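Taking it in order: structure first as structure tokens, then the write-up.
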Amino acid sequence: DVSSPKHGKVDPDNKPHVGGNSWAGGTGGRDTAGLGGKGGPYRLDAGHKVYQISQAEKDAVPEEVKRAAREMGEKAFKQRLKEIQMSEYDASTYERFSGAVRRQVQSLRIILDNLQ
């Protein structure tokens with residue numbers, strides 16, 4: 001069961017973590033920042049294969065946990081904007097322009113990775 005959202009511990013060796021409730025950047029777990037899990041405050045990609053839990057499990061997260069996770073994610077987002085000296089308006093403008101070319105940038109990254 002989910003309890004409360006948190007960032008989670010950072011693995012100094014960046015080993016893949018699947019499931020559980022401890023590691024930031026893990027996949028398929030609960031309560032921590034990562035991918036493919038449930039109840040975490042925000043998405044955090046540590047570069048590992050993503051293990052996805054079912055949508056039914058995600059839907060079963062209590063509303064108070066979802067609300068706490070949203071609030072924690074929003075607070076982390078605002079803190080990050082402050083760190084990079086960006087306003088919410090700047091972020092939405094960036095997202096609008098970035099979204100328009102996201103597919104092309106991804107294609108270019110694939111081409112460059114293959115060339116390397």
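Accessible area per residue for the chain is 73 Å², calculated with a 1.4 Å probe on protein heavy atoms, without ligands, DNA or RNA. Secondary-structure-derived ellipticity at 222 nm for the chain, considering helices only, amounts to -16000 deg cm²/dmol, per-run term -39500 (n - 2.57) for DSSP H runs with n ≥ 4.
Dipole of the chain computed with +1 at Lys/Arg Cβ and -1 at Asp/Glu Cβ about the Cα centre; of LEU108, TYR94, ALA24, farthest Cα towards the positive end is LEU108.
Looking at the chain, I'd like the Rg to Rh ratio, where Rg is from alpha-carbon atoms and Rh is Kirkwood's inverse mean 1/r.
Numbers: Rg = 16.2 Å, Rh = 15.8 Å.
Radius of gyration relative to Kirkwood radius: 1.03.
Hey, any idea what % of the chain's accessible area is carbon plus sulfur with a 1.4 Å probe? C and S fraction of accessible area: 52 percent.
Against the main long axis of the alpha-carbon atoms of the chain, helix 63-83 sits at an angle near 40°.
The lysines whose alpha-carbon is closer than 23 Å to the alpha-carbon of LYS66, local same-chain residues fewer than 8 away aside, are LYS6, LYS9, LYS38, LYS58, LYS75, LYS78.
To the nearest ten degrees, helix 88-115 and the longest principal axis of the Cα atoms of the chain are 70 degrees apart.
Pop a pseudo-label 7 angstrom from the Cα along the beta-carbon direction at both ILE111 and SER87 and give the gap in nm to one decimal. Once both label points are built, they end up 3.6 nm from each other.
The values are calculated or read from the model by the stated rules, or taken from the named source; none is laboratory data. Bear in mind the structure is a predicted one, so any value in this text is a computation, not a measurement. Here the Cβ is made from the backbone with ideal geometry for all residues, glycine too, and neighbour counts use every protein chain on show. Calculation scope for accessible area: heavy atoms of the full protein, side chains included, ligands and nucleic acids excluded. Shrake-Rupley method; radii C 1.70, N 1.55, O 1.52, S 1.80 Å.
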